[in-house]
Amino acid sequence: MKGELVLNSNDYLPLRDVVFQTLRQSILTGQMEPGERLMEVQLAEELGVSRTPVREAIRMLELEGLVVMIPRRGAQVAAITEQDLRDVLEVRATLERLAVRLACERFTEEGYRNLEKANREFAHLARLKNKSVVDITNADVHFHDVIYQATGNRRLIQIVQNLQEQMYRYRMEYVRDLSSHENLIAEHTEIIRALEARDEAKAEEIIVTHISNQEKEILRLLHERENEKQEGRRHHIEGD
């Protein structure tokens, strides 16, 4: 685990929900890595709670697909698989295409200003010397949220919010790659221009490319990570 866990206190939530939110955030941000075991006793001691809310939180994380139960090993952080990635991005691409199409019809001057501001904020954070992956990811989420809000479709916004956490994990994987930032800024700018021109076909084309680029880059990173693991195992065996 990268760093110690700190319980995100909230007097209005049951303790199991507070533990759940704390563990979930640590998984989504990469503080707890894929394959890392979730030891009830250790987590309870670190968070200063009993084992019961930790056990309940782990079950909730399992239902969300962020944790898997492995026979004789217990709970561990779920790996990011190619199939999971494709499933999530297929859904996201469909929602984003609908969103930009509706936004083209309903885009207001205020919506345009908000989107320009969101892109400037994203660009500012992405170009800082001491970058924060969490801050940049949140800025990317906000940029797309402005588009969703511009649709005026409450059901669409609700569906996106329900899927936001699952999308977040993959967004963060992409943002970790520093070389992706300028591409993201350029693609965001293209999206704004297409919406401003109310060019539905262009907006859909750009958003599909935008998400496709993410998928390709994350797959490349996953393959690199897997190759590194295999190389490490090979050296370990040869060393033995």
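The values are calculated or read from the model by the stated rules, or taken from the named source; none is laboratory data. Because the structure is a prediction, the values reported are computed rather than measured. So basically every Cβ, Gly included, is an ideal-geometry build from the backbone, and we count neighbours across all protein chains shown. The protein model used for the area step is the full one, side chains on, heavy atoms only, and it has no ligands, DNA or RNA in it. Shrake-Rupley method; radii C 1.70, N 1.55, O 1.52, S 1.80 Å.
For the chain, with all protein chains in place and a probe radius of 1.4 Å, 48% of the accessible heavy-atom surface sits on carbon or sulfur.
For the chain, the membrane-span-like helix rule (DSSP H, alpha carbon extent of at least 30 Å along the helix axis, mean Kyte-Doolittle at least 1.6) picks out no helix; this says nothing about an actual membrane. Summarising the label geometry, the points placed 7 Å from Cα in the beta-carbon direction at GLU226 and VAL208 lie 2.7 nm from one another. Extension gain, ASN183 to ARG101: 0.36 nm times the residue separation minus the Cα-Cα distance gives 27.3 nm.
Given +1 on the Cβ of Lys and Arg, -1 on the Cβ of Asp and Glu, and no further charges, what dipole in debye does the chain carry about its Cα centre, rounded to the nearest 20? That gives a dipole near 260 debye.
Would you mind classifying the stretch 1-73 by shape? Square roots of the alpha carbon gyration tensor eigenvalues, ordered a ≥ b ≥ c; an a/c under 1.5 is rounded, otherwise it is prolate if a/b is larger than b/c and oblate if not.
On the way: a/c = 1.43, a/b = 1.31, b/c = 1.09.
The shape class here is rounded.
Note on the chain: lysine pairs with Cα distance below 25 Å, sequence gap of 8 or more or different chains, count 9. Which distance in Å, rounded to a whole number, links the C-alpha centroids of the stretch 4-22 and the stretch 186-215? The stretch 4-22 and the stretch 186-215 have Cα centres separated by 38 Å. Counting only protein heavy atoms and a 1.4 Å probe, the chain has 56 square angstrom of accessible area per residue. Over the chain, dividing the summed -39,500 (n - 2.57) contributions of all DSSP H runs of at least 4 residues by the number of residues returns a 222 nm mean residue ellipticity of -25500 deg cm²/dmol.
I need the peptides 111-117, 224-230, 151-157 ranked by packing, meaning the mean over residues of other C-beta atoms within 10 angstrom, with the highest value on top. Working shown, then result.
Numbers: 111-117: 16.4, 224-230: 10.9, 151-157: 14.3.
Going by the mean number of other Cβ atoms within 10 Å, highest first, we get 111-117, 151-157, 224-230.
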